[in-house]
1. Hey, any idea what the orientation-averaged projected area of the convex hull of the chain's Cα atoms comes to, in nm²?
2. Between Asn92 and Arg32, how high is the FRET efficiency from 1/(1 + (r/R0)^6) when r is the Cβ-Cβ distance and R₀ = 30 Å? Nearest 0.05.
3. Show me 11-21, 35-45 ranked by packing, highest mean number of other Cβ atoms within 10 Å first.
4. Return the carbon/sulfur percentage of the accessible area of region 106-181, one whole number, probe 1.4 Å, all protein chains in place.
5. Tell me, how many Å apart are the Cα centres for region 1-21 and for region 81-115?
6. Where in the chain are the DSSP H helices whose C-alpha atoms run 20 Å or more along the long axis and whose mean Kyte hydropathy is at least 0.0?
7. Going through the cross-link list Lys129/Lys181; Lys50/Lys181; Lys132/Lys181, which pairs have a Cα-Cα distance over 27 Å in this structure?
8. Filter the GluC sites (Glu not before Pro) in region 67-163 to those in DSSP coil with at most 11 other Cβ atoms within 10 Å of their Cβ, and list the result.
Amino acid sequence: MNQVPIMSEVFAAGEQIDFLFWVGCAGNFDARAQKITRAFCKILDHVNAKYAILGDEEKCTGDPARRAGNEFLFQMLAIQNIESLNSYQIKNIVCTCPHCFNTLKNEYPGLGGIYHVLHYSEFLDELIKTGKLKVNTHIESQKVAYHDSCYLGRVNDVYEAPRNVLESLNTEIAEMTRSRKLGMCCGAGGAQMFKEEEKGSIRVNEERVTQLLDTGATKIIANCPFCITMLQDGVKAKDKQDEVTVYDISEWIIQQNIF
């Protein structure tokens with residue numbers, strides 16, 4: 001993989017980019033999510049994309065703070081990010097995290113941060129449709145269970161782009177009863193990654209994994225680093241880790257040996 005370009009260095013060199021890749025806290029610091037970041041960058045390198053990341057200048061979007069009710073912290077982080085983005089005259093942003101995607105797209109405009117923001121599933125769908133990312137359609141069809149993340153699906157109504165990407169890879173999507181608008185949270189959006197479980201007979205992520213396994217698929221695909229972690233934990237809780245693998249969309253593209 002090539003060295004990931006840093007925006008400050010690109011700007012200092014007087015070079016232009018087409019979009020900024022917003023890595024996000026998970027993609028920067030979580031070991032599992034870092035693999036997703038690397039997989040997406042590998043695809044970007046493959047299509048010779050002109051992009052950069054903020055690097056140390058990227059702060060948390062403030063999404064967790066706002067959801068927890070700390071509006072002051074959210075605005076402080078958001079304003080710092082907006083100042084960085086505007087200083088480089090950023091127009092287009094691509095995110096691998098649906099939480100970052102939602103905040104940058106829908107909440108930053110109210111503070112003066114107006115950008116064209118895409119989730120990476122939309123970006124990949126566009127690359128494939130325009131022929132910039134050529135995929136191998138002569139591969140054996142595989143059945144997968146697909147999990148709609150809440151902040152991409154129910155919050156932003158993006159359902160087809162990730163499915164389009166999977167179907168372009170000759171992947172058969174085993175749809176669950178609870179998909180699209182009826183999709184069930186993995187628990188991360190309710191902060192179940194960070195605190196004790198609330199009252200109930202079963203953990204949310206285990207219930208969601210049960211639904212995914214009921215499809216009969218041994219491969220689970222998701223589009224959010226937090227969902228990936230929750231679903232993997234759910235698979236382990238059911239002692240199915242030797243039979244079932246959880247992939248991110250970018251990882252699935254590479255897994256299919258497209259390049």
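The values are calculated or read from the model by the stated rules, or taken from the named source; none is laboratory data. Not measured: the values here are computed from a predicted model. Counting neighbours? That spans all protein chains shown, and the Cβs are built from the backbone with ideal geometry, glycine included. For the accessible areas, the whole protein counts, side chains as well, though only heavy atoms, and no ligand, DNA or RNA atoms are used. Shrake-Rupley method; radii C 1.70, N 1.55, O 1.52, S 1.80 Å.
1. 14.0
2. Working: r = 27 Å, r/R0 = 0.90.
Computed FRET efficiency for Asn92 and Arg32: 0.65.
3. Details: 11-21: 14.4, 35-45: 20.4.
Averaged packing, sorted descending, gives the order 35-45, 11-21.
4. Numbers: 1690 of 3600 Å².
Exposed carbon and sulfur together represent 47 percent of the surface.
5. Computed from Cα coordinates, the inter-centre distance equals 17 Å.
6. Details: long enough: 31-46 (23 Å, -0.26); 71-87 (24 Å, 0.42).
Helices meeting the span and hydropathy rule in the chain are 71-87.
7. Numbers: Lys129/Lys181 25 Å; Lys50/Lys181 35 Å; Lys132/Lys181 31 Å.
Listed pairs above 27 Å: Lys50/Lys181; Lys132/Lys181.
8. Values: sites: Glu71, Glu83, Glu107, Glu122, Glu126, Glu140, Glu160; in loops: Glu140.
Filter output for region 67-163: Glu140.
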